[in-house]
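Engineer: Please find one structure pasted underneath; my questions will follow.
No value in this document is a laboratory result; all are computed from the given coordinates. Keep in mind it's a predicted model, so treat the numbers as computed, not measured. Heads up, the Cβs are rebuilt from the backbone with ideal geometry, glycines too, and the neighbour counts pull from every protein chain shown.
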Amino acid sequence: MIKLEFIRETSSIHDKEANWLNRSVKDPETNVISPPIPSHPIAIGARYRRLTRCQTTLYFCEADPDSKLTIRRGGPDGPILATGEPCKTSEGSTEIFFHDSSTDIKIHHQYHYLPFTHNKTSFTYKDKQYHWKDHTELIDDASGEVVGKFHATWLEGTGHKIGTLEVKDAAMQDVVVVTAIVVQERSDERTLAAAMSFDAVSDNY
C-alpha cells in the first residue's frame, strides 16, 4: 500500500499571494533537510527559514484561471506529467492528457444535491471502467475493488494538509493520483465560485 499526502498551497480561499487551488503531493516517508534559501517560496507556499524540514514532493498541480490543470512530477518546475482541460464537446467532463504516453482519459463529473447521495466521477482506463465515489474511493466497476482511497483531514492544520491518499497498486499510481487531483480541483472550483459569488453580493451591501 502506497500512502501519499496532499498539501494545499494556502489554507485561505481569500489569499491573494497564493493560489488556493494549487496543491502538491508528498511522500510522508521522507523528511529531508533543505539548505536555507532566503525568501524562496516552496511548493506549499511557505518560506525557508534557517533550516527547513520538508517531505519530498512527488507531484504538483497548478490551476489556471481558465480551469486548465497542469500536473508535474516533483515541484512547480518539474516535468509535465499530465494536463487536464474542460471538455469542449461534453459539459461536465474533463479531458486528461498524459505527456509521457499515448494515454488520454476523459472523466465525467456527476454532482448530486439530494441528501445521502454521492457525487460520482467516471472514466475508462485500459478498457476498464472506474469511478470515484465523491473524492474518497476509486473503485474498479467490474470487480468492486477499491484501488485508491482518500482520507480527508477535517481541518487543514500545519502545512495545509488536505488528506492522505492510499494507492493499492504501484502500476496505477499516476492514474490514481492524477484523477484524484482532478476530482478535488473540480469540486474546489465550485466551492471557490460560490465563495466569490458570496463576496460579490456582500460587497453590494
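Engineer: Run the quick spin-label model on residue 141 and residue 1: label points 7 Å from Cα toward the beta carbon, then report their separation in nm to one decimal.
Structural biologist: Those two pseudo-labels are separated by 2.7 nm.
Engineer: In nm, what is the difference between 0.36 nm times the number of residues separating residue 110 and residue 29 and their Cα-Cα distance?
Structural biologist: 25.7 nm
Engineer: I would also like to ask the following. May I ask you to list the trypsin sites (Lys or Arg not before Pro) in the stretch 66-103 that are in a DSSP loop and have at most 10 other Cβ atoms within 10 Å of their Cβ?
Structural biologist: Here the sparse-neighbourhood loop sites are 88.
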